[in-house]
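Student: Structure in structure tokens, see below.
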Amino acid sequence: MANETKKPALYLAEYDTPNALASAAMRVRDAGYKSWDCHTPYPMHGMDEAMGLQPTRIGVISFIFGMIGVATAVVMMQYTNAFSFDLLKIGAGYPLIVGGKPPGAFPSMVPIMFELGILLCGFATLFGLLGIIKLPRHNHPIFESDRFEGATDDKFFISIEADDSKFDLERTKALLESTNPTHLELIEEEVL
Amino acid sequence: MSSYEAPIKELGETYLLPEGTTANDVTEAIAGVTENPAPRGWWLLFLLSLSILGVMGAALAYLFYQGVGVWGNNAPVYWAWDITNFVWWIGIGHAGTLISAILFLFRQKWRTSINRFAEAMTVFAVLCAGLFPAIHTGRPWFDYYLFPIPNQMDMWPNFKSPLMWDVFAVSTYLTISVIFWYVGLIPDFATLRDRSKNLVRKRTYGFFALGWRGAHRHWQVYERAYLIFAGISTPLVLSVHSVVSFDFATSVVPGWHTTIFPPYFVAGAVFSGFALVMTLMLICRTVFKLENIVTIKHLDLMNKFMLGTGLLVGYAYAMEFFIAWYSANPYEQWVFFHNRLGFGMLDENGNWGPLWWAYYAMVFCNVVVPQIFWFKRARTSVPIMFIASILINIGMWFERFVIIVTSTYRDFLPSSWGMFHPTGIDVLTYLGTFGLFFTLFLLFVRWIPMIAIAEVKGTLPGAHPDLHALGAHDEEPGAAAVAPVPAE
């Protein structure tokens, strides 16, 4: 690691109050940055607007997979309980007649349709969430900062990443300084 | 931009946590529990729970060696204690989902102090519950017949059976509860990771925190996902106990064949769950000194909930009796007046029903005891609510015992009547599940933040920016008069 080289990864500005963070966020938003973020110890309401974020569409994923769950349940139950043939060779093809009901009685299958719908919806929401926010990721350069540990306690941060097209060592620094952060630092990452 | 976190002054609301509590105080109080050496009381309780868990292991080993004959189950009381315990435990779990999901949808801010705790309780209670039907099958190594997987018999489950619905409902409930719980924990694991002094802790919590960095773009999706979890957990929790009640309601046994069962079971489940949350919370807030985060105000609200659900349960009891009388069905009336109430109808030897005392214990604990919460003094007195919550738990166990045993031990045909006596193994198995529950629970309070740190912080005064004052709405018509951003 003797000849390691470093390049700028992001600017990290620290603030003490939600209001200072929000007003700074509005400045960064208006300056037209795209690859930047606010870091807060809890979900802070009003920041969607202050950062100019569009609503998330994770609900679409959850809904689609919920419906897939319901459909899976219908197919599974009809195939294994009601059909008299077994194309998949899984030991089905034996209609179960219980309680004088038709083998494919629909009302009695509602509870399992519901439960499987919920189950797949839950898994889709979990993995959809992790997919959209691109976690797990343990190696983000922001963790190089010692002060960043406050972001899960009681401090508020704005980070502007170097891969933003508007990122400029001088101008970005000047913008963040004009928002009066309590601390401002440039974080570098190793170039491999 | 007055967010919902702000108390509504017109309604006399105030901030939940004491004036002047900072975000750092919250972190210190909650994360500190996992960082400081365990109090001696924790070790005592842990060793005790672990011993009881060992008793459960021994009882189960004996059961598997000898077979289900070691229990008091018999013909006609086939279900007996196993299903009683199953329904009781799973009901306990429901309050956790109610607190974490339903109160979330209703924007009840006070839930933040107790939801993590209650969710953990849900997960552990459902584990204990799931044990009973599994061992009740007699040969638990064949339990995989219950799942829709090809097996050597070339037989598939009968999906029209409520018992199969139960398999799906309970396993879905457990899975979704674990996921919901874990998603809520991610930011708090990050807090613990960032406070860790030694590498093992940092790596372990860091692993579970998934590299969480509190980014608002993450929080935005996270909050929506959390809302979706709350949205699907709410009908889920209602469905689970409804499905459990279908196990009874779809049969033709007098005392079970009742359309009131689904709402009645759900209300009872929430009632008993709240009672157990209360019991455990009172112990933990004292042992770990969290009185400032779980305040008397929170406890007062929980007691009101218990009063409300207790009244629902009382209504269900009364309505069951009314319908038994109104139906003019002699079997239904027999179960209620003879088997449960113990009088009104004598058997062929002129005797009252021998299990009457269980019914009266149930009514006393579930209907009479919670009435004390009409009084504010009782709702805010820790000893009173502690005793009441334990009595309610006992009463709710008796409710399931009454439903299962007194409906089946003397039903249609006197020649098929029997009696139920629990055996020592019954008792040890049931007590043993407390060992399982408390062992898991004590590990939880020791290693996982038992209160949702991030959520509590969001309810603090000034936790959210006042965008209006910052001039965020400049562009809106009529808002031009707002002062420009003051220099910080």
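The values are calculated or read from the model by the stated rules, or taken from the named source; none is laboratory data. Note that the coordinates shown come from a computational prediction; the quantities given were computed from them, not determined experimentally. We place every Cβ from the backbone using ideal geometry, glycine too, and count neighbours over all the protein chains shown. Areas reflect the complete protein model, heavy atoms only, side chains present, ligands, DNA and RNA absent. Shrake-Rupley method; radii C 1.70, N 1.55, O 1.52, S 1.80 Å.
Student: Looking only at the stretch B:241-260, count how many residues are touching a Pro at 6+ places or on another chain (Cβ under 8 Å) and open to solvent by less than 10 Å² (accessible area, probe 1.4 Å).
Tutor: Adding up the residues that qualify gives 3.
Student: Quick check: is even one residue across the stretch A:97-109 in a helix (DSSP H, G or I) and more than 7 Å from every other protein chain (Cβ to nearest Cβ)?
Tutor: yes
Student: What is the number of the single condition among (1) more than 7 Å from chain B (Cβ to nearest Cβ); (2) farther than 30 Å from B:Asp154 by Cα that A:Met26 does not meet?
Tutor: If we test A:Met26 against (1) more than 7 Å from chain B (Cβ to nearest Cβ); (2) farther than 30 Å from B:Asp154 by Cα, just (1) comes out false.
Student: For A:Ala124, are the conditions met, namely being farther than 26 Å from A:Met67 by Cβ, modelled with pLDDT of 90 or more, more than 8 Å from chain B (Cβ to nearest Cβ) and in contact with a Ser or Thr (Cβ under 9 Å, 6 or more places away or on another chain)?
Tutor: no
Student: Can you name every residue in the stretch B:132-155 that is outside any loop (DSSP other than H, G, I, E, B) and aliphatic (A, V, I, L, M)?
Tutor: Within the stretch B:132-155, B:Ala134, B:Ile135, B:Leu146 meet the criteria.
Student: Continuing with this model, one more query. Just to check your reading of the model, which residue among B:Gly308, B:Gly353, B:Gly314 is within 22 Å of B:Pro262 (Cβ to Cβ), small (Gly, Ala, Ser) and touching a residue at least 24 places away in the same chain (Cβ under 8 Å)?
Tutor: Answer to the selection: B:Gly314.
Student: May I ask you to list the residues in the stretch B:408-427 that are crowded, with 18+ Cβ neighbours inside 10 Å and either without any contact (Cβ under 8 Å) to a residue 40 or more places away in the chain or closer than 29 Å to B:Tyr62 by Cβ (or both)?
Tutor: Listed by number, the residues that qualify are B:Thr408, B:Tyr409, B:Phe420, B:Ile425, B:Asp426.
Student: Mind checking which residues of the stretch B:131-163 are out of contact with any helix residue (DSSP H, G or I) (no Cβ under 8 Å at 6 or more places or on another chain) and not acidic (Asp, Glu)?
Tutor: B:Arg139, B:Trp141, B:Phe142, B:Tyr144, B:Tyr145, B:Ile149, B:Pro150, B:Gln152, B:Ser161
Student: Hey, B:Ile149 hits all of (1) over 26 Å from the mean Cα position of the chain (by Cα); (2) facing another protein chain (nearest Cβ under 7 Å) but one; which does it fall short on?
Tutor: (2) is the only condition that B:Ile149 fails.
Student: Right, next: Being within 30 Å of A:Pro107 (Cα to Cα) and within 7 Å of chain B (Cβ to nearest Cβ) is true for just one of A:Met51, A:Met77, A:Met47. Which residue is that?
Tutor: A:Met77
Student: Just one of B:Ala58, B:Ala120, B:Ala129 is under 19 Å from B:Gly268 (Cβ atoms) and assigned to a helix (DSSP H, G or I); which is it?
Tutor: B:Ala129
Student: Right, here's the next one. Name the residues in the stretch B:19-57 that are in contact with a helix residue (DSSP H, G or I) (Cβ under 7 Å, 6 or more places away or on another chain), surrounded by 19 or more Cβ atoms within 10 Å (Cβ to Cβ) and farther than 17 Å from B:Phe444 by Cβ, would you?
Tutor: B:Ala23, B:Val26, B:Thr27, B:Met56
Student: Condition check: modelled with pLDDT of 85 or more, among the small types (Gly, Ala, Ser) and open to solvent by 20 Å² or more (accessible area, probe 1.4 Å). Does B:Ala101 satisfy that?
Tutor: So B:Ala101 fails the test.
Student: Counting just the residues of the stretch B:192-232 that are in contact with a Phe, Trp or Tyr (Cβ under 6 Å, 6 or more places away or on another chain) and more than 16 Å from A:Ala151 (Cβ to Cβ), which one comes out nearest to the other protein chains (Cβ to nearest Cβ)?
Tutor: Once the filter is applied, the top-ranked residue is B:Phe229.
Student: Output the number of residues of the stretch A:53-102 satisfying the condition of being surrounded by 13 or more Cβ atoms within 10 Å (Cβ to Cβ), of a type outside the set (Phe, Trp, Tyr) and either touching a Phe, Trp or Tyr at 6+ places or on another chain (Cβ under 9 Å) or in contact (Cβ under 8 Å) with a residue 12 or more places away in the chain (or both).
Tutor: 26
Student: Return the pairs, sorted by first residue and then second, in which the second residue is outside any helix (DSSP H, G or I) and of a type outside the set (Val, Ile, Thr), the first residue lies in the stretch B:162-179 and is facing chain A (nearest Cβ under 9 Å), the beta carbons are less than 6 Å apart, and the residues are 6+ apart or on different chains.
Tutor: B:Met164/B:Pro157
Student: Looking at (1) at negative phi; (2) over 21 Å from the mean Cα position of the chain (by Cα); (3) of a type outside the set (Val, Ile, Thr), which is the one condition that is false for B:Lys289?
Tutor: Going through the list (1) at negative phi; (2) over 21 Å from the mean Cα position of the chain (by Cα); (3) of a type outside the set (Val, Ile, Thr), B:Lys289 breaks only (1).
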